[in-house]
Amino acid sequence: MKKRISLAALAFLLLTSLTAVSQKKIFNESEEQKKQRMAWWTNDRFGMFIHWGLYALPARHEWVKNAERITNDQYQKYFDQFNPDLYDPKAWAKQAKAAGMKYAVLTSKHHEGFCLFDSKFTDYKSTNTQAKRDLVKEFVDAFRAEGLKVGFYYSLIDWHHPDFTIDRVHPQRIDNGSDTAYARVNKGRDMKKYREYLFNQVRELMTNYGKIDIIWFDFSYPGKNGKGRDDWNSVELLKMVRQLQPQILVDNRLDLEDYDDGFDFVTPEQYKADEWPTVNGKKVPWETCQTFSGSWGYYRDENTWKSTAQLLELLIESVSKGGNLLLNVGPTARGVFDYRATQRLEGIGEWMKYNSPSIYGCTQAPKEFVAPPNTLLTYNPETKKLYIHLLSYPLNVLVVRDIADKVKYAQFLHDNSEIKYRKQGSHDISDKKNNNDLELSLPVLKPNTEIPVIEISLL
Ligand code: GLC
């Protein structure tokens, strides 16, 4: 008996402490207020990531400094050589907009430590290169002028700063390094000073460029010889950001995922989400970031480029699970988009021009709608429209299970041409079991759009 009581008490304690964990909060914003703050982003669904820095010169991945264990001295040649004479962010913004993207996130500083902005706290910045300009400022002005929202990626990691301690992902890491070996190489390095630098730079970014819509911190890797929230002082950093930019959206790489409000959205990278991601059992806003070809920075010899159709499928797939897509471009060292990126962006834009209503304002379809084979569903809860994306084009008919009694009208989205339909069993009295299935009758010829979309108006 005694034992049973204590077990029950234990279970109670466990339960309450679990609830407490999931309710840990830093701010006192309500769920509804957060939803409002994120409304534009949830609606827009599609943004451009831009990875640009000195690594565009070696042109073999933005981690080249790490992969080839390059020292600051050896890397200096890229700084000296940096001269993006064709940099024209207005052209970037136009391409992003034409592709149907609604926001953009630029690497203000990547792991290499080079700043594209005019920071007071370093000389390692674009103004001191042959570019002689604050490239972030020009980006912000150009994208805003096109009506796009602007965001900054800021690397928490810094492989150039003398106070950033050498750890397991640093270019000068020690293979199987003991604690004493690490202590030896880190003598004289002081993370406290680096933290000040980090706070100072983030304050500059949050103060000098007007309203910033997104800040994308990257990234934490806690554990042995790693770095996490204590190294960045993440809670205070986030408080500062929110104080300077109350409406800003923040990614989840500050190592604060045990706080309900330690992040706004999660960021699955380079993979297709099979279902809506959860944190502590709760569905959370999410955005997948993806490259065209496997590298974020310009990579001249990388040839595994995804096709326009594959990229569109990624976008549709994300929205069909309630998420966003941040699609990355790695401009060349001269400051232009790779011609392969331009081709893909144009292809996406061509599709978006006609089919974007199945993306903007859309989300996962309610459970009662089951996607027919080789299709993806999205749903606009405001307009009560269901969108069926035909990934492989069917022959003559498409059957949608159990929705016949909910349908008011059906058409192709790209040209508003009517699609005739009937209840599947209605012409065949012997078929009683499927009489609420919908049979859409499609033309034999696949419409002239990469992925045709059927728009169903629901009753
Ligand atoms: C990773 C990589 C980085 C890239 C980022 C984009 O964290 O370190 O190079 O910027 O993901 O999500």
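The values are calculated or read from the model by the stated rules, or taken from the named source; none is laboratory data. For clarity, every value in this text was computed on a predicted model and none was experimentally measured. In this analysis, Cβ positions are derived from the backbone assuming ideal geometry, glycine residues included, and neighbour counts consider all displayed protein chains. SASA here: full protein model, heavy atoms, side chains in, ligands and nucleic acids out. Shrake-Rupley method; radii C 1.70, N 1.55, O 1.52, S 1.80 Å.
Which ones in segment 347-401 are among the polar types (S, T, N, Q), part of a loop (DSSP other than H, G, I, E, B) and within 23 Å of Gly47 (Cβ to Cβ)?
Gln364, Thr383
If I go through segment 317-345 residue by residue, how many of them are closer than 20 Å to Leu86 by Cα and either open to solvent by 10 Å² or more (accessible area, probe 1.4 Å) or in a loop (DSSP other than H, G, I, E, B) (or both)?
13
Kindly indicate which of Phe79, Phe49 is under 20 Å from Ser155 (Cα atoms) and part of a helix (DSSP H, G or I).
The match here is Phe79.
In segment 404-418, what residues are buried (at least 17 other Cβ atoms within 10 Å of the Cβ) and touching a Leu at 6+ places or on another chain (Cβ under 8 Å)?
Ala404, Lys406, Val407, Ala410
Might you let me know whether segment 276-287 holds any residue that is basic (Lys, Arg), part of a strand (DSSP E or B) and under 18 Å from Trp41 (Cα atoms)?
Scanning segment 276-287 turns up at least one residue that is basic (Lys, Arg), part of a strand (DSSP E or B) and under 18 Å from Trp41 (Cα atoms).
Could you grab me the full set of residues in segment 228-265 that are open to solvent by 10 Å² or more (accessible area, probe 1.4 Å), within 16 Å of the ligand (Cβ to nearest atom) and touching a Ser or Thr at 6+ places or on another chain (Cβ under 9 Å)?
Asp231, Asn252, Arg253, Asp255
Which of the residues spanning segment 222-273 are in contact (Cβ under 8 Å) with a residue 12 or more places away in the chain and small (Gly, Ala, Ser)?
Listed by number, the residues that qualify are Gly226, Gly228, Ser234, Gly262, Ala273.
Which one of these does Phe152 not meet: (1) under 26 Å from Asp264 (Cα atoms); (2) assigned to a helix (DSSP H, G or I)?
Failing condition for Phe152: (2).
Results for (1) modelled with pLDDT under 95; (2) buried (at least 20 other Cβ atoms within 10 Å of the Cβ); (3) farther than 30 Å from Glu346 by Cβ; (4) under 25 Å from the mean Cα position of the chain (by Cα), shown as yes or no for each residue.
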{"site": "Met101", "(1), (2), (3), (4)": "no, yes, no, yes"}
{"site": "Asp134", "(1), (2), (3), (4)": "no, no, no, yes"}
{"site": "Ala145", "(1), (2), (3), (4)": "no, no, no, yes"}
{"site": "Arg168", "(1), (2), (3), (4)": "no, no, yes, no"}
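Which of the residues that make up segment 297-316 are open to solvent by less than 10 Å² (accessible area, probe 1.4 Å) and without any contact (Cβ under 8 Å) to a residue 40 or more places away in the chain?
Leu311
Could you tell me whether any residue of segment 59-70 is within 16 Å of the ligand (Cβ to nearest atom), aromatic (Phe, Trp, Tyr), assigned by TED's automatic domain parsing to the domain that holds Tyr299 and surrounded by 15 or more Cβ atoms within 10 Å (Cβ to Cβ)?
Within segment 59-70, one or more residues are within 16 Å of the ligand (Cβ to nearest atom), aromatic (Phe, Trp, Tyr), assigned by TED's automatic domain parsing to the domain that holds Tyr299 and surrounded by 15 or more Cβ atoms within 10 Å (Cβ to Cβ).
Matching residues to (1) assigned to a loop (DSSP other than H, G, I, E, B); (2) open to solvent by 10 Å² or more (accessible area, probe 1.4 Å):
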position	(1), (2)
Asp141	no, yes
Ile157	yes, no
Asp163	yes, yes
Pro171	yes, no
Arg195	no, yes
Leu198	no, no
Val202	no, no
Gly223	yes, yes
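Mind counting the residues in segment 115-173 that are basic (Lys, Arg) and within 16 Å of the ligand (Cβ to nearest atom)?
2
Would it be correct to say that Asn435 is polar (S, T, N, Q), more than 25 Å from Leu314 (Cα to Cα) and open to solvent by 60 Å² or more (accessible area, probe 1.4 Å)?
Taking the combined requirement at face value, the residue satisfies it.
Could you list, in sequence order, all residues of segment 273-308 that are at pLDDT below 90 and within 15 Å of the ligand (Cβ to nearest atom)?
Result: Ala273, single match.
Looking for something within 16 Å of the ligand (Cβ to nearest atom) and aliphatic (A, V, I, L, M) - is there at least one such residue anywhere in segment 186-208?
No, the conditions are met nowhere in segment 186-208.
Quickly run through segment 91-139 and pick out the residues that are within 21 Å of Gln74 (Cα to Cα) and part of a helix (DSSP H, G or I).
Across segment 91-139, the qualifying residues are Ser126, Thr127, Asn128.
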